[in-house]
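Novice: Shown below is the structure under consideration.
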Amino acid sequence: MASATSKEKPRILSGVQPTGRIHLGNYLGALSVWREQQDGYECLFCVVDLHALTIPEVVRPDELRRKTREVCALYLASGIDPERSTIFVQSEVHEHAELAWVLGCVTPLGWLHRMTQFKTKSDQRESVGTGLLTYPVLQAADIVLYQADQVPVGQDQKQHIELARDVAQRFNQLFGETLTVPDVMIREVGARVMGLDDPTAKMSKSVGEKVKGHAIGLLDSPKAIRKAFGRAVTDSGNVARFEDASPGVLNLLTIYRAITGKPREEIEATFDGQGYGHLKMAVADVVLAELEPLQQRWKEIMDDPTYLDGVLDRGAERAREIASKVLVDVKRAVGLGR
Ligand code: AQP
């Protein structure tokens, strides 16, 4: 692996919040993309448990601790290789919170009020904590703390990564070139998986908790997965072409394409003009084939806590090695300390 100060390869940082049921959207938009980048980049993947506190009423302390382990095990089960990538828990590296304070001081409030995720989530509640508003600053800190060059995320996170770029640029303008300005990495197909019950809204963990048939959980049973696809909203026709498809059919075709990697023409030739029942079951089949080995591996990892703790201890150590040095540079740049 590269030393903390120099980069032998460009670096990647990304993470998932340990809340709710991790779903097919998280897998296609994030985890599966991470897996593909492990040779070309030095990769760091964290479970962002500090972010999970932004809506404290939805996650109890014991549940948060349990989910943190489960999500780490999902990273491993999805093919993130701890020999090539650093896997760690965000709160175990205190530099994240410290840097977030410094970056918060250079982030204009108006930038945060413009974030659509804040608007959506705060509109759903009578009152929200300050952390929900400043969440993108912590996310910017997560990224620049490792001088990450690329941040692989789903489409919904694009605005936050653009904010992280703006924050890093503003910091550099104010205090001199210190932070790497990150780029967003978004896959072409599968970066925005939609809800099966409502294909006009993205598949989301929080909705999946409340609405049956909305999301495909990565650990759902084969029966539940088939049932959810069987009930997926489509339309009354039989068109299965990417250009003309209704949102529900387009979502099914896109999931199929993201998993199989087959060209659009081949997929259309297989499904266009057929009943949607055929398409739904074919999508369920490829999703099950993808998830069965992942679920098996996940169970094995969860049954071996010593292995999981070893991976996370080593990951936190490596992450701290980089983070502590970058934070020293930041503190020096802004004039903190004696
Ligand atoms: N529907 C989606 N399609 C593709 N990618 C998605 N991601 C989320 N939903 C989809 C990507 O998954 C990664 C982890 O997400 P997160 O845990 O940080 O939070 P999120 O984006 O807020 O995910 P959810 O599932 O939608 O949770 P809630 O409902 O709590 O907001 C990110 O890279 C994200 O882009």
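The values are calculated or read from the model by the stated rules, or taken from the named source; none is laboratory data. All values derive from a computational prediction rather than experimental measurement. Quick reminder, even Gly has a Cβ in these numbers, built from the backbone with ideal geometry, and neighbours come from all protein chains shown. These accessible areas exclude ligands, DNA and RNA; they are computed on the full protein's heavy atoms, side chains included. Shrake-Rupley method; radii C 1.70, N 1.55, O 1.52, S 1.80 Å.
Novice: If packing is taken as the mean number of other Cβ atoms within 10 Å per residue, what is the order of 85-94, 281-290, highest first?
Specialist: Going by the mean number of other Cβ atoms within 10 Å, highest first, we get 85-94, 281-290.
Novice: Give the long-range amide H neighbours of ILE87: residues separated by 5 or more places, or on another chain, with amide H under 5 Å away, using H modelled in the peptide plane at 1.01 Å from N.
Specialist: PHE45, GLY315
Novice: Over the Cα atoms of segment 1-88, what Rg and Dmax result, in angstrom?
Specialist: Every Cα atom of segment 1-88 included, Rg and Dmax give 13.8, 42 Å.
Novice: Could you give me the ³J(HN,Hα) list for segment 191-205, computed from phi with Karplus coefficients 6.51, -1.76, 1.60 and θ = phi - 60°, whole Hz, x at Gly and Pro?
Specialist: Taking θ as phi minus 60°, the curve returns 7, 9, 7, 9, x, 6, 7, 9, x, 9, 10, 5, 4, 9, 5 Hz for segment 191-205.
Novice: Rounded to the nearest angstrom and ordered from largest down, what semi-axes does the equivalent ellipsoid of the chain get from its C-alpha gyration tensor (root of 5λ)?
Specialist: Rounded to whole Å, the semi-axes are 36, 22, 19.
Novice: Just from its helices, what would the mean residue ellipticity at 222 nm be for the chain, if runs of 4 or more DSSP H residues each count -39500 (n - 2.57) and the sum is divided by every residue, rounded to the nearest 500 deg cm²/dmol?
Specialist: Calculated at 222 nm, the ellipticity per residue is -16500 deg cm²/dmol.
Novice: Let me ask something additional. With all protein chains present, how much of the accessible area of segment 62-195 (probe radius 1.4 Å) comes from carbon and sulfur, to the nearest whole percent?
Specialist: The value for segment 62-195 is 48 percent carbon and sulfur by accessible area.
Novice: Same structure again: Given R₀ = 45 Å, FRET efficiency for VAL128-ALA289 by Cβ-Cβ distance, to 0.05?
Specialist: Once rounded, the FRET efficiency stands at 0.65.
Novice: Please go through the residue pairs LYS67/LYS325; LYS121/LYS202; LYS9/LYS331 and name each one whose alpha carbons sit more than 21 Å apart in this structure.
Specialist: In this structure, LYS67/LYS325; LYS9/LYS331 exceed 21 Å between Cα atoms.
Novice: In segment 205-298, carbon and sulfur make up what percent of the accessible area (probe 1.4 Å)?
Specialist: 51 percent
Novice: With a probe of 1.4 Å, find how much accessible area segment 138-292 has per residue, and write the answer as a whole number in Å².
Specialist: 44 Å²
Novice: Counting other Cβ atoms within 10 Å of each Cβ, which GluC sites (Glu not before Pro) in segment 211-285 have at most 13 and sit in a DSSP loop?
Specialist: GLU243
Novice: Percent of alpha carbon pairs in segment 205-298 separated by more than 16 Å?
Specialist: In whole percent, the share of Cα-Cα pairs in segment 205-298 beyond 16 Å is 55.
Novice: May I pose another question? Over the chain, what is the percentage of antiparallel beta bridges among all DSSP beta bridges, to the nearest 5?
Specialist: Just about 10 percent of them are antiparallel.
Novice: Next question. Relative contact order (percent) for the chain, with alpha-carbon contacts under 8 angstrom and 6 or more residues of separation?
Specialist: 23 percent
Novice: Name the aspartates and glutamates eligible as straight-distance cross-link partners of LYS212: C-alpha to C-alpha under 13 Å, and not fewer than 8 places from it in the same chain.
Specialist: ASP197, ASP198, ASP220
Novice: Right, here's the next one. Which of the DSSP-defined H helices in the chain satisfy a minimum axial length of 30 Å, computed from C-alpha atoms, and a minimum mean Kyte-Doolittle hydropathy of -1.0?
Specialist: Counting only whole DSSP H runs, the qualifying helices are 276-302, 305-334.
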